[in-house]
1. How many of the residues making up region 111-127 are touching a residue at least 60 places away in the same chain (Cβ under 8 Å) and either β-branched (Val, Ile, Thr) or touching a Gly at 6+ places or on another chain (Cβ under 6 Å) (or both)?
2. Tell me, please, whether a residue that is within 30 Å of Asn19 (Cβ to Cβ) and not aliphatic (A, V, I, L, M) can be found in region 314-326.
3. Hey, does region 96-114 have a residue that's within 29 Å of Asn305 (Cα to Cα) and among the polar types (S, T, N, Q)?
4. Limited to region 63-84, what total is found for residues that are touching an Asp or Glu at 6+ places or on another chain (Cβ under 8 Å), crowded, with 18+ Cβ neighbours inside 10 Å and not polar (S, T, N, Q)?
5. Would you call Val137 of a type in the set (A, V, I, L, M) and touching a residue at least 60 places away in the same chain (Cβ under 8 Å)?
6. For the condition modelled with pLDDT of 95 or more and at negative phi, what is the one hit in Gly304, Gly335?
7. Determine which single condition Ala266 fails, assuming it passes every other condition in (1) closer than 20 Å to Gly312 by Cα; (2) outside any helix (DSSP H, G or I); (3) aliphatic (A, V, I, L, M).
8. Determine, yes or no, whether Arg152 is among the charged types (D, E, K, R), under 19 Å from the mean Cα position of the chain (by Cα) and either surrounded by fewer than 22 Cβ atoms within 10 Å (Cβ to Cβ) or closer than 26 Å to Asp109 by Cα (or both).
Amino acid sequence: MDIQALFERTALRTLELSNTFPEGSDIPGAIRWYRWDWSIGVAFYGVMKAYEHSHNESYLMRMKEWIDARIEQKIPKICINTNALLLTLLKINEKYPDSRYESVLKTFDQYLMSEGLRTPSQALEHTVIDNNWGLQVWADTVFMSLLYMTHRGIQLSNQSMVDEAMFQLDLHNKLLFDPKEKLFYHGWDDNKRKHIGVHWGRGNAWMTAGMVEILELTGSDSALSKEISGILHQQLEKLSELQHPSGLWRTVMNSENTYLETSVTAGIAYGVLKGVRLGIVDPNYLIMGENALSALLHKVDEEGNVTGGSSGTPVKANEEAYNQIPYEITPFTQGLALLAMSEGLKLKSGRDHS
């Protein structure tokens, strides 16, 4: 299977879909493609990896045009989820510096460092555009906001921002990790002091990918980094036990009654392959990552749609509720797939030159 061709096809399809639906379209799922929110943030982060690999300037310009139009329209809400697009905006601002971009970045910086709601445990409350669940901590926050905080803190030489990102990651680990199952819960209610949701697949992928990326940026020598790495490897040990023979994982990780799902597989493949390449993850997990990547590649159709990914998933009451979330072609599954493919290409390149 030609991973390079699939990578390009998926990137082009993702960009095409981001400009398919007009603002206000009532087609199911369309809002994920036209609204400034976390979904398109994950998609564009994946496309950015395709740009960095191919140096195809059209990839960057199409994302820039999309972002420029939304800045003109005004970002709907400053919150954890709408922060995700800043991973792409940082890169665009490096190449095409613009005072408008700096203004957006500084607004989110202030939100994350001082204005963003904290729970009694001092964790960033997982805030979204449309709802307010209050005092809830979600695995999603690690990928949607803590990655940006780390990147931005390093860019600005702002150690306080990097330290806050590490503090938040450690706190999310402590609140969400289940040492018995060696998996992460989707959420934590900091008012009732209890886990909420289940050991959700994509939530665990957010954690795997997020921990690897943050450790890449901050180094792995500090006591806190080693503690985070220890949690990561406990999770990976469990993931290796739960991986289906197909290479996929389930939408509820430890429930065979739930369906196999692509986005969790893509996110874990990305984290594992990248982690092994960087020396962050034990190389014994390379086969697990490669099997996940192979399963993912078989989910890309002729148009470049990544199939078999679940739709948006807030914290649910039980595993059956998670199992009722439908499959949908989404920006975030496209983006996670592109991230995994980018690491697959680096793995292939390394072998070709060895």
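The values are calculated or read from the model by the stated rules, or taken from the named source; none is laboratory data. Note that the structure is a prediction, hence the values are computed from the model and not measured. Note: ideal-geometry Cβ built from the backbone for every residue, glycine included; neighbour counts use all protein chains shown.
1. Selection size over region 111-127: 1.
2. Yes.
3. no
4. Matching residues across region 63-84 total 2.
5. Against the criterion (of a type in the set (A, V, I, L, M) and touching a residue at least 60 places away in the same chain (Cβ under 8 Å)), Val137 does not qualify.
6. Gly335
7. (2) is the only condition that Ala266 fails.
8. yes
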